[in-house]
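The values are calculated or read from the model by the stated rules, or taken from the named source; none is laboratory data. Because the structure is a prediction, the values reported are computed rather than measured. As a convention, Cβ positions derive from the backbone with ideal geometry for all residues, glycine included, and neighbour counts pool all protein chains shown.
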Amino acid sequence: MRINPSENESVPSRLQNVQTNESMMQIKGKVIKYWHFVLGYMKNPVDVFQQGKNEFGNGMITAILFAVIAGVCQFAIQTNKDVSFLTVVSETALFLIIGVAIASTSLFVINKLFSAELSFKKMVGIYGTHMIASLILVCVTYILILVNFIAFGSALLVVLTSYTIFLLPLYILTRLLSEHATNIDPLYSYVSYIVMFSILYSIYLHIVTDRGVTIFFSNFLS
């Protein structure tokens, strides 16, 4: 029996199509799962304080998405068009992700000293999950920039960044201290967090190049 060469050659392509379809189904399933995670948080945000460790992956995804979209916003308002898209997005995203990492580390250490001993994964899960509001608003910011509300979009981007890195961790610390009360005055926890975060963040800003910092703030400050 003679085998048609075209049929023989089509076997690898069919296998490739099957693998592609399976990959697409897996991606679709993960997107749907993440969407349900977002909806669940919006319905009851405080649940994350009990399920923080379980939401570590989703929290990381949220933080990365926020940083990347903020980078896209920064490129959209960039006055210097000689700088490449990848450079602006990557440097802005890295700047924000390291800021989030510093805040997460400070929260973990201070909470371990003054409150319950939560794992670092749970702390990241709690922090990242609470960034959902920031993620939604940074998407709105990008839309505003696209419709030429550039000044408002630039201001909103800086406000969102300041809220996410500086104010949101203080809210999380407040919730954790209220749920795990100790004999130590919470004021010491706040002061300790602010001091630790400020030192680490100052060291980080000293290490990064002036160009890396300027990329994020130049359009707002100019």
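One table, with the values for the structure above:
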item: Any hit, the stretch 37-53, residues being modelled with pLDDT under 90 and farther than 28 Å from residue 117 by Cα; result: yes
item: Answer from 95, 85 - the residue that is in the same structural domain as residue 195 (by TED's automatic domain parsing), farther than 23 Å from residue 179 by Cα, aromatic (Phe, Trp, Tyr) and surrounded by fewer than 16 Cβ atoms within 10 Å (Cβ to Cβ); result: 85
item: Scope the stretch 105-130; condition surrounded by fewer than 21 Cβ atoms within 10 Å (Cβ to Cβ) and either within 16 Å of residue 174 (Cα to Cα) or touching a residue at least 40 places away in the same chain (Cβ under 8 Å) (or both); matching residues; result: 105, 108, 109, 112, 113, 114, 115, 116, 117, 118, 119, 121
item: Some residue of the stretch 165-172 being modelled with pLDDT of 90 or more, in the same structural domain as residue 97 (by TED's automatic domain parsing), hydrophobic (A, V, I, L, M, F, W, C) and over 30 Å from residue 87 (Cα atoms); result: yes
item: Exclusive hit being in the same structural domain as residue 92 (by TED's automatic domain parsing), hydrophobic (A, V, I, L, M, F, W, C) and at pLDDT 90 or above, set 156, 187; result: 156
item: Residue 58 being at pLDDT below 70, touching a helix residue (DSSP H, G or I) at 6+ places or on another chain (Cβ under 8 Å) and surrounded by 11 or more Cβ atoms within 10 Å (Cβ to Cβ); result: no
